[in-house]
Amino acid sequence: MPIDLYYVPGSGPCRSVRLVAAAIGLELNLKYTDLMKKEQLKPEFIKMNPQHTVPTLDDDGFYLGESRAICTYLIEKYAKDDSLYPKDPKRRAIINQRMYFDMGVLYQSFAEYFYPQIFAGAPADPAKLEKLHEAFGYLEGFLDGQSYVAGDSMTVADLVLAPSVSNVTLIDFDLSKYPNTVSWLARIEAEAPKYDETNGEGLRAFKSLIDHLTKK
């Protein structure tokens, strides 16, 4: 049975799931969900995911929302080994912490700063920009002295964080202040399987959306 992923190409969380699937050699049946047409509010979608968010996974009738949960589920069920999500409790704890950091701090601070600007035409909020820089300062610290966000090899945490970090390349944000992060992102771009087909393609879609919503 095909594994369906209901997604929006430009969505960072959706790109994370696609990066993980590519890394473990898993084919996903991509099902574009038009949020502007409120396809996520159809009864059949809400039956799968009462939160009506993307990404949403349908694995032969097993439904799952929340990108980070989807990423770890796919690895645990379909990966040939545990290299992306090691079973060692301490290593896994660090990986989990980095993913929670993405969800609650880095991705959240990006969304709070930028989404009001593109979706509601709000002016940039300097306090929210400062929060975004604070989040990148924390990430810079995580990467101090190591090549990956959760140790000495690429894990699911890198594939979750890469879309969030790459988002800021599309806005007026000086990423060069964070050299560890710049080097890390280049490393993931080079090493993650099918990076351009997944995150790169999604970034281009996100840029097109930004351009469309902000054109005068």
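The values are calculated or read from the model by the stated rules, or taken from the named source; none is laboratory data. Keep in mind that this is a model prediction, so the values were computed, not measured. Neighbour counts are summed over all protein chains in view; Cβ atoms, including those assigned to glycine, are modelled from backbone coordinates with ideal geometry. All accessible areas refer to the heavy atoms of the entire protein, side chains included, with ligands and DNA or RNA removed. Shrake-Rupley method; radii C 1.70, N 1.55, O 1.52, S 1.80 Å.
Placing +1 on each Lys and Arg Cβ and -1 on each Asp and Glu Cβ, with no other charges, gives the chain a dipole about its Cα centre of roughly 340 debye. For region 138-153, 3J(HN,Hα) computed residue by residue from phi via the Karplus equation (6.51, -1.76, 1.60; θ = phi - 60°) reads 5, 4, 4, x, 4, 8, 5, x, 9, 8, 10, 6, 10, x, 9, 8 Hz, glycine and proline entered as x.
Suppose only helical runs count, i.e. DSSP H with n ≥ 4. What mean residue ellipticity at 222 nm does that imply for the chain under -39500 (n - 2.57) per run, divided by all residues and rounded to the nearest 500 deg cm²/dmol? It lands at -16500 deg cm²/dmol. The string of couplings for region 6-11 from the Karplus curve (6.51, -1.76, 1.60, θ = phi - 60°) is 7, 8, 10, x, x, 5 Hz, one whole number per residue in order, with x for Gly and Pro. For region 113-121, putting each phi into the Karplus relation 6.51 cos²θ - 1.76 cosθ + 1.60 with θ = phi - 60° gives couplings of 7, 9, 4, x, 5, 8, 9, 10, x Hz, in residue order, rounded to whole numbers and with x for Gly and Pro.
Once backbone amide H atoms are built at 1.01 Å from N, residue 3 has 29 as its partners under 5 Å, excluding neighbours fewer than 5 places away on the same chain.
Remark: relative contact order (the chain) = 26 percent; criterion is Cα-Cα distance under 8 angstrom and separation of 6 or more residues. Counting only DSSP beta bridges with both residues in region 1-119, the antiparallel share comes to about 65 percent.
Taking the 1.4 Å solvent-accessible surface of region 77-198 as the whole, the part contributed by carbon and sulfur is 53%. Got a sec? Charge dipole of the chain, +1 on Cβ for Lys and Arg, -1 for Asp and Glu; which of 120, 1, 179 is way out at the positive end? Projecting each Cα onto the dipole axis, the largest value belongs to 120.
Loop-located trypsin sites (Lys or Arg not before Pro) in region 67-121 (DSSP state other than H, G, I, E, B) with a sparse environment of at most 10 neighbouring Cβ atoms within 10 Å: 80, 87. Since only 26, 63, 161 are under comparison, the one whose Cα sits farthest along the positive direction of the charge dipole of the chain, derived from C-beta charges on Lys, Arg, Asp and Glu, is 63.
Counting only protein heavy atoms and using a 1.4 Å probe, the accessible area of residue 112 comes to about 90 Å². Here the alpha carbons of the chain define both size measures, Rg and Dmax, at 17.0, 52 Å. Take the Cα of residue 29, step 7 Å toward its Cβ, do the same at residue 47, and the gap between the two points is 1.5 nm. Heavy atoms of the protein chains alone define the surface here; on that basis the chain has 50 Å² accessible area per residue at 1.4 Å probe size.
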